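So the structure is just underneath, and the comments pick up after that.
The values are calculated or read from the model by the stated rules, or taken from the named source; none is laboratory data. Here the structure is a predicted model, which means the values were calculated and not measured. Neighbour counts are summed over all protein chains in view; Cβ atoms, including those assigned to glycine, are modelled from backbone coordinates with ideal geometry.
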Amino acid sequence: MAQSPPDLKIPSSSTIVQVRIIDTTSHIEGISIAGFIEPHIKGFDTLSCPAFSFLIEHPSGRKVLFDLGVRKDHENYAKNIVNRIKDGGWKVIVKQGVKEQLEANGVDGKSIEAIIWSHWHWDHVGDPSTFEKDTALIVGPGFKKSFTPGYPQNQNSPILESDYEGRELREIAFDQNLKIGRFNAFDYFGDGSFYILDSPGHAIGHICGLARMSSSPNSFIFMGGDACHHGGEFRPTQYLPIPSSISPNPFDIKSSKPCPGSLFDDLYRDGDRTKPFYAIARLPDGKGVAHDVDEAEETISKVMEADAHDEIFVAMAHDESLLPVVDFFPKYANDFKSKGWVQDTRWLFLKDFAKAVGH
């Protein structure tokens, strides 16, 4: 029997924000999962990654963006990033920048008061220089010390001077003595409508977002950045074991025939159906792709507690399983609960295990 998830003790508020999930048209193919997650599951070897951005609109008219995906002219990233993309052999496609998408759909780029980077990795930072100089750039703890000045002044920096030049570069200090679940939190608008969450581990300064989509009853979207790279890193759990009958069927979302949960019995890590399929990969020295593997695993354990609540829609930056279900920008995401997105996307990642289960 599933355990009841812990109370996240989210402060009450009647103020909500409107959120639109932007498919940034960024797509990265050919990334080996070997350095990201373990153990290996037969037939699932590479990630095919979209990249999502979030437009958050406060009732006062203030607007912020959470992440920007990949910049359209990715050949103009910092030199070490350009070389990394080339050496990785990845296929990177970007059809349109986020600002282009906004303005093509009636949102003035000048109206964006801030861009929030979940972290500094190239597939999240986009190109802030396309926005007005009075658009602030908001980052997580430790960012300035680690990455400024940017390239080319610092030839080793992964970010560009042009990303923050002439604009406010604001580093969040989680000093409000506020917690959401076990996350240290920052109340961005000061009214409980949107929180920035300290979520270290994957990268220096990694942060997540939590937006209140409705009140009475409450519903929220959790913007996960790269806290996880695959649904199998935070599902199943003791709060959300795989059901005996899975619907929609992850192998055919349009099918009326559910998928038997028993199909995955041989894939459980340590034979435990209440433990996520994957852990963060560790190299022989205990390190991995994550900046701090232990902290990253602790962050994932906090994500699992949030994910167990049906009123919270967890959206990781590269979750391909959202694509066939979610209404993307310019549509709004506030009705996700009535549309069933939580239940409809929860187990779709299992499609990646088709070969392993002989499907």
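Note on the stretch 108-150: among residues that are aromatic (Phe, Trp, Tyr) and in a loop (DSSP other than H, G, I, E, B), the one that is farthest from VAL70 (Cα to Cα) is PHE131.
Okay, residues lined up against (1) touching a residue at least 40 places away in the same chain (Cβ under 8 Å); (2) over 21 Å from the mean Cα position of the chain (by Cα); (3) farther than 25 Å from LYS95 by Cα:
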position: THR130; (1), (2), (3): no, yes, no
position: ASP134; (1), (2), (3): no, yes, yes
position: PRO141; (1), (2), (3): yes, no, yes
position: GLN153; (1), (2), (3): no, yes, yes
position: GLY166; (1), (2), (3): no, yes, yes
position: PHE174; (1), (2), (3): no, no, yes
position: ASN177; (1), (2), (3): no, yes, yes
position: ALA185; (1), (2), (3): no, no, yes
position: ASP191; (1), (2), (3): yes, yes, yes
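Counting only helices (runs of 4 or more DSSP H) that sit wholly inside the stretch 275-359, those with at least 2 residues that are free of Cβ contacts under 8 Å to residues at least 24 places away in the same chain are 336-339. Within the stretch 36-65, the set of residues being of a type in the set (A, V, I, L, M), more than 30 Å from SER111 (Cα to Cα) and in a strand (DSSP E or B) comprises ILE37, LEU47. Hey, does the stretch 165-186 have a residue that's farther than 16 Å from GLY209 by Cβ and of a type in the set (A, V, I, L, M)? Yes: one or more hits. Selection over the stretch 263-274 of residues that are assigned to a helix (DSSP H, G or I) and surrounded by 12 or more Cβ atoms within 10 Å (Cβ to Cβ) gives a count of 5.
Checked across the stretch 29-50, the condition of being surrounded by 14 or more Cβ atoms within 10 Å (Cβ to Cβ) and more than 26 Å from GLU297 (Cα to Cα) holds for no residue.
Rundown of residues vs (1) among the aliphatic types (A, V, I, L, M); (2) surrounded by fewer than 18 Cβ atoms within 10 Å (Cβ to Cβ), yes/no style:
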| position | (1), (2) |
| --- | --- |
| SER247 | no, yes |
| PRO250 | no, no |
| ALA281 | yes, no |
| LYS302 | no, no |
| PRO324 | no, yes |
| GLY358 | no, yes |
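Pairing residues of the stretch 65-91 that are at positive phi with residues that are at pLDDT 95 or above and in a loop (DSSP other than H, G, I, E, B), at Cβ distances under 8 Å and at least 6 apart in sequence or on separate chains, gives ASP67/TRP117; ASP67/SER118; ASP67/GLY126; ASP67/GLY225; ASP67/ALA317; GLY69/GLY126. Only one entry of GLY69, GLY43, GLY61, GLY35 meets the criterion of being at pLDDT below 95 and either in contact with a strand residue (DSSP E or B) (Cβ under 7 Å, 6 or more places away or on another chain) or not β-branched (Val, Ile, Thr) (or both), and that entry is GLY35. Which count do you get for residues in the stretch 219-252 that are polar (S, T, N, Q), within 21 Å of the chain's Cα centre (by Cα) and assigned to a loop (DSSP other than H, G, I, E, B)? Matching residues across the stretch 219-252 total 1.
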